[in-house]
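S.K.: Input: one structure, supplied below.
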Amino acid sequence: MALWKRKKDKSTEAPGTGDSAVQDEPNQDEPIQDDSSSDQPPGDGPVAVAEPDPDPQPEARGGLFGRFRKAVRKTVDVLNTDVRDLFREEGELVDDEFLKKLFALMVKTDMGAGPAGSIRDAVGKKYRARKMTIHQLAEAASEVIVEIMEQESSDLLMATSGPTVIMVVGVNGSGKTTSIAKLTHLFREQGKSVVLGAGDTFRAAAVEQLTIWADRLGAEIVTGKQGGDPATVAYRAADKAKETNADVCIVDTAGRLQTQKNLMDQLTKIRNVIKKVIPDAPHEVLLVLDATAGQNAISQARGFSDAADCTGIVLAKLDGTAKGGVAIPIRQEFGLPVKFIGLGETPDAIAQFDVEQFVHALFDLDGKS
Ligand code: GDP
Ligand code: MG
C-alpha cells in the first residue's frame with residue numbers, strides 16, 4: 001500500500017482566493033498581536049517529549065495487525081467475553097430477545113448505537129429463527145462495519161509539485177504536536193525533507209517541544225515570538241519550505257475549541273496566508289482527536305470539521321483507551337477519512353489507517369489479544 005498519493009490537480013481552486021484576512025501580509029517584525037487572549041488555552045506545562053523507543057522491534061509488535069489489535073484490545077475483550085457468553089457451542093437461536101442483548105453488548109464496545117443497530121438488523125435479517133454461531137456473528141458484523149467505515153484512501157494528499165503543506169488542528173492536549181513528530185518521522189524515513197512551523201505561539205513549552213522533535217528527527221523549524229501571530233509563523237514556514245525546496249511543511253497550531261469563534265477564524269487566517277505562498281496549500285488539514293475522550297472526541301470532530309475545513313482525522317492515543325471501537329462512529333458521522341492512528345508517545349507509534357485491517361483486528365475472535 002502506497003503511503004502517499006499525489007493530489008489531483010485542483011484547477012478550480014484559483015490562486016490567491018480567500019477572504020480579506022489574506023490581504024494583511026504577515027510581517028515577521030510586526031508587534032505581537034493577540035486578538036484572542038480571552039480564549040487563551042491554559043498556560044505552560046512541563047515539556048513532555050518521549051524518548052524514541054530504543055528497540056522498536058516492529059516484528060514483535062505484530063506489524064499493522066498487531067498494532068490495530070492493541071488499539072482495540074478492550075473492544076475485543078467485550079466481544080470475547082460478554083458476547084461469547086451469548087452463544088452456546090452449537091450456536092444460538094436468533095430471536096428478538098437475542099437481538100436485544102446483542103445490540104446492548106455491541107453498544108458496550110464503543111462503536112455507538114448506530115453501528116450497533118446496523119449489526120443487529122443485519123443479523124436479524126440473515127439469521128432470524130435460525131441458529132447462529134459466534135463466528136457467523138463476527139463475519140456478519142465485519143461486513144457491516146467495513147461497509148460503514150469504507151473511505152477514500154488514507155494516503156496523504158501530496159502536492160503535484162513543490163512542498164506539501166499540512167496543517168494540524170484540534171483541542172488542547174489532543175496529541176497534535178506528538179502526531180506532527182510522528183508524521184515527520186514517517187516522512188524522514190522516506191528521505192523527505194520537512195519544515196515545521198511552530199504555530200502554537202500561546203505556550204513557550206509548545207515551541208520547545210516541537211523544537212526538540214525537529215532536532216531529533218532532522219527537520220527544519222520556524223518559530224515565532226511567544227504570544228505572536230501564528231499566521232506569521234505559518235507564512236514563514238511555508239515560505240521557508242518553498243525557498244529551500246522542502247518536500248513537506250507541517251504547521252502546528254494551538255489547541256482550541258470549536259466554540260471559540262475568534263480562534264476558529266484564526267485558523268482560516270492561517271490557511272489563507274499559507275495559500276499566499278503556495279496557492280493550492282494546505283493540502284491537508286488534519287484534525288487530531290484524543291481517542292480517550294470517547295463521545296467528546298466525536299463532538300469535537302463535529303465542530304471542527306465544519307469550521308476548519310478538515311481533510312482527515314488522526315485518532316491519537318488509541319493505545320491509552322484500547323477501545324478503538326470509537327473509530328467506527330467517528331468514521332460514520334463525518335465525511336472525513338481516518339488517516340492515521342496514534343499508538344503511543346514515541347515518533348514511531350503511528351499507523352496509517354486501513355479499514356480492512358482494523359475490522360479484521362476487531363473481529364478476529366480467535367487471534368491473540
Ligand atoms: P497537543 O496539545 O495537541 O499538541 O498534544 P501533545 O502532542 O502535546 O500531547 C499531549 C499528551 O498526550 C502528551 O503527553 C503526549 O505524549 C500524549 N500523547 C500524544 N499522542 C499520544 C498517543 O498516541 N498515545 C499516548 N499514549 N499518548 C499520546
Ligand atoms: Mg501542541
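Every read-out reported here was derived from the displayed coordinates using simple, explicitly stated rules and does not represent laboratory data. The structure presented is a predicted model; accordingly, all values stated were derived computationally and were not measured. Neighbour counts are summed over all protein chains in view; Cβ atoms, including those assigned to glycine, are modelled from backbone coordinates with ideal geometry.
S.K.: Just list whichever of Lys108/Lys339; Lys276/Lys317; Lys269/Lys317; Lys74/Lys100 have alpha carbons separated by over 32 Å in the model shown. Intermediate values should be presented prior to the final figure.
M.R.: Values: Lys108/Lys339 25 Å; Lys276/Lys317 34 Å; Lys269/Lys317 29 Å; Lys74/Lys100 22 Å.
Lys276/Lys317, as the Cα separations exceed 32 Å there.
S.K.: Starting at the first residue of segment 85-102, write each ³J(HN,Hα) from the Karplus equation 6.51 cos²θ - 1.76 cosθ + 1.60 with θ = phi - 60°, in whole Hz, x for Gly and Pro.
M.R.: Residue by residue, segment 85-102 yields 5, 5, 9, 8, 3, 7, x, 10, 6, 8, 9, 4, 5, 4, 5, 5, 5, 4 Hz.
S.K.: Follow-up. Equivalent-ellipsoid semi-axes (√(5λ), Cα gyration tensor) for segment 298-369, whole Å, largest first? Mind showing how you got there, number by number?
M.R.: Details: eigenvalues 102, 43, 22 Å².
Semi-axes, largest first: 23, 15, 11 Å.
S.K.: For a quick check: with amide H placed at 1.01 Å from N, whose amide H comes under 5 Å from Leu196's, ignoring anything fewer than 5 positions away on the same chain?
M.R.: Sorted by chain and number, the residues that satisfy this are Glu220, Ile221, Val222, Ile250.
S.K.: For Thr244 and Ile212, calculate 0.36 nm times their separation in residues minus their Cα-Cα distance, and state this gained length in nm to one decimal.
M.R.: Numbers: separation 32, 0.36 × 32 = 11.52 nm, distance 2.11 nm.
In short, 9.4 nm is gained.
S.K.: Where does each of 256-264, 309-317, 112-120 land if you order them by average Cβ count within 10 Å, highest first? All intermediate terms of the calculation are to be shown ahead of the outcome.
M.R.: Values: 256-264: 17.3, 309-317: 23.9, 112-120: 19.1.
Descending mean neighbour count gives 309-317, 112-120, 256-264.
S.K.: Packing-wise, with mean Cβ within 10 Å as the measure, how do 162-168, 266-272 rank, highest first?
M.R.: Numbers: 162-168: 25.4, 266-272: 22.9.
Result, highest mean Cβ count within 10 Å first: 162-168, 266-272.
S.K.: Turning to a different aspect of this structure: From Cα pairs below 8 angstrom and at least 6 apart in sequence, can you work out the relative contact order of segment 310-350, rounded to a whole percent? Numbers along the way, then the final one.
M.R.: Details: 49 pairs, mean separation 21.0, N = 41.
Over segment 310-350, the number comes to 51 percent.
S.K.: Quick query: amide H of Val72 versus all other amide H atoms, modeled in the peptide plane; which residues come in under 5 Å with a sequence gap of 5 or more or a different chain?
M.R.: Gly324
S.K.: Taking amide H positions as placed in the peptide plane 1.01 Å from N, state which residues far from Gly312 in sequence (5 or more) or on other chains have amide H under 5 Å from it.
M.R.: So Gly312 has HN proximity to Val285, Leu287.
S.K.: With the crude spin-label approximation of a point 7 Å out along Cα→Cβ, what separation in nm comes out for Glu97 versus Glu189?
M.R.: Result for the modelled spin labels: 5.1 nm.
S.K.: Where does segment 85-221 land on Rg/Rh, using Cα atoms and the Kirkwood Rh? Could the numbers behind the result be given before it?
M.R.: Values: Rg = 23.4 Å, Rh = 19.0 Å.
In segment 85-221, Rg relative to Rh is 1.23.
S.K.: Output ³J(HN,Hα) for segment 226-234: one whole-Hz value per residue in order, computed from phi by the Karplus curve 6.51 cos²θ - 1.76 cosθ + 1.60 with θ = phi - 60°, and x for Gly and Pro.
M.R.: 5, x, x, 6, x, 5, 5, 5, 4
S.K.: I've got another one for you. What are the ³J(HN,Hα) values, in whole Hz, obtained from phi via the Karplus relation 6.51 cos²θ - 1.76 cosθ + 1.60 with θ = phi - 60°, for each residue of segment 77-82 in sequence order, with x given for Gly and Pro?
M.R.: Per-residue couplings from phi come out as 4, 4, 5, 7, 10, 4 Hz.
S.K.: Could you tell me which residue out of Ile148, Leu86, Leu99 lies farthest along the dipole of segment 64-162 toward its positive end? Charges go on the beta carbon: Lys and Arg +1, Asp and Glu -1, centred on the Cα centre.
M.R.: Leu86
S.K.: While we're looking at this one, here's another question. Can you compute the charge dipole magnitude of segment 149-280 about its Cα centre, using +1 on each Lys and Arg Cβ and -1 on each Asp and Glu Cβ, nothing else charged? Give it in debye, rounded to the nearest 20. Please report the intermediate quantities before stating the final value.
M.R.: On the way: 16 positive and 15 negative charges, 82 e Å.
It works out to roughly 400 debye.
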